[in-house]
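First comes the structure, then the notes that go with it.
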Amino acid sequence: MEGSLVSKSNRRSLMITIGVLLFLIVLPLINLSAYGIYPGPFVGTLADAGTYVMLALGLNIVVGYAGLLDLGYAAFFAIGSYTYALLASPFFNQHYSFWILLLIAPAVAAFFGMLLGAPTLRLRGDYLAIVTLGFGEIVPAFFLNAQSLTGGTNGISGVDTPVIAIPFTAIAYNFGLGGNNPYPYYYLVVIVVLVLILAIGRLRDSRVGRAWMAIREDELAASAMGINTVRTKLLAFAIGAAFSGFAGCIYASKLGFIGPDQFSFSVSVFILSMIILGGIGTIRGVIIGAVLLYFLQTYILTGLPGWIHDFGDSHDIPFLRDTDFSGIKFLLYGIALVAMMVLRPEGLLPNRQRKAELHPESDTIAMRESQQQLYDVQATDQQEVGEPVEE
């Protein structure tokens, strides 16, 4: 009976996966111009959203699985982007293949991930956050001031685009400079994201994944059980950074330009907000949170001032027509995040463990928690069932 239930669950998951994959393949082909959504920009936005999905999945390994707070994750995104830009542009007159650099950039980012993780092995909580925050500020500052190595404020332009060449023929397909043709980038992002999801699923269910979760729950107990916490935490930093290397490589090739201003601290906070919104420690939740938050900030809130002006103009409302609402998007963005944390702190699709941690077992305990300390609630419950209470 149990075997049949497992088999049924696996078949259901497989059918859902196939359905989502078919939807992603067909989505760019749907004509939504009647609703003001034009295929080219829309597909390009989807490709960019997929890049942030990679970043969110990588940070979820560090924060969601291993429980290590990283506020400098954008630094690895910058390292992956600059690795590709330096080795595939006229800046150093190096033009290595995109497909080779798609493996080199994650390796370089993983190396720097271990460099960051080495001095933070004994740190926890706020101290770990401060160190990672410092690393996140150092890397963009280095790229900004190392004029001869990175182009400084001018950045690196003319970055090569991916080319698919058919062996033993002169036929080659160029993706297009600056993402002018977003369709190949979109399908490339879909393929890479699917591969990363499969890798995360295998890691989560492996001995390494269980070790990450044990460290997240209680590092001292994990160490006492024989887990090598040094190696396990370094591996979390390295793999999480490698995911950002994939994203940085694709991002640089699509944009065709890389500058230090693109990897500020706000990018790290943006990615962290994605995994918190979707549900820390889950794959589906992180993907949904990344896509929703990316579209919220780059599409909905960006177009909101224009929509308000159009509404005021069509209904002859002078206040809405003449007022500048360009700064309101940041206010609405903040309100949305605060409301989410108050109403659903576990995220949109949380795992069962985190949901149980953030919600009381009963309405009675919830009411008492709002009135007194948790220790007193536990003591009251013990007294009700006749158990002795420690003084």
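Would you mind counting up the charge near P119? Only other residues with Cβ under 15 Å from its Cβ, with Lys and Arg at +1 and Asp and Glu at -1. Every neighbour counted, the sum reads +2. With K and R counted +1 and D and E -1, the other residues having a Cβ less than 9 Å from that of G312 yield a net charge of -3. Summing charges over all other residues whose Cβ lies under 14 Å from the Cβ of D70, with Lys and Arg as +1 and Asp and Glu as -1, gives +1.
For the stretch 38-348, the relative contact order works out to 31 percent when only alpha carbon pairs closer than 8 Å and six or more residues apart are counted. Counting every C-alpha pair in the stretch 64-190, the share spaced more than 26 angstrom apart comes to 35%. Fully extending the segment from L123 to R11 would add 36.0 nm, taking 0.36 nm per residue of separation and subtracting the current Cα-Cα distance. Maximal additional length on extending the L331-A221 stretch stands at 35.3 nm, based on 0.36 nm per residue less the C-alpha distance. Taken about its Cα centre, the stretch 121-236 carries a charge dipole of roughly 400 debye when the Cβ of each Lys and Arg holds +1 and the Cβ of each Asp and Glu holds -1.
Approximating the spin labels as points 7 Å out from Cα along Cα→Cβ, the L149-to-M341 distance works out to 3.6 nm. Shape class of the stretch 242-283 from the alpha-carbon gyration tensor: oblate, with a/c at 1.5 or above and b/c at least as large as a/b.
Full extension of the chain between W307 and L115 yields a length gain of 64.4 nm, computed as 0.36 nm times the residue separation minus the alpha carbon distance. The calculated FRET efficiency for N174 paired with R202, based on their beta-carbon distance and R0 = 30 Å, is about 0.35.
Computed from phi, the 3J(HN,Hα) profile of the stretch 200-215 under the Karplus parametrisation 6.51, -1.76, 1.60 (θ = phi - 60°) reads 5, x, 5, 5, 4, 8, 8, 5, 5, x, 5, 5, 4, 5, 5, 5 Hz, with x in place of Gly and Pro.
The eigenvalues of the Cα gyration tensor, multiplied by 5 and square-rooted, give the stretch 245-318 an equivalent ellipsoid with semi-axes of 30, 19, 11 Å from largest to smallest.
Shown in residue order for the stretch 136-145 are the 3J(HN,Hα) couplings computed by the Karplus curve 6.51 cos²θ - 1.76 cosθ + 1.60 at θ = phi - 60°: x, 8, 5, 5, x, 5, 5, 5, 6, 9 Hz (x for Gly and Pro).
Just need log10 I(q)/I(0) for the stretch 38-348 at q = 0.13 Å⁻¹, Debye formula, equal scatterers on the alpha-carbon atoms, no solvent, rounded to two decimals. Reported log10 I(q)/I(0), two decimals: -0.97. Taking 20 Å as the cut-off, the amide N atoms of the stretch 197-231 that come nearer than this to a point 7 Å along the Cα-to-beta-carbon line of L21 belong to 197-205.
FYI, it's all coordinate maths here, none of it is from the lab. Since the structure is predicted, the reported quantities are computational estimates derived from the model, not experimental observations. Cβ coordinates were reconstructed from backbone atoms using ideal geometry, including for glycine residues, and neighbour counts include every protein chain displayed.
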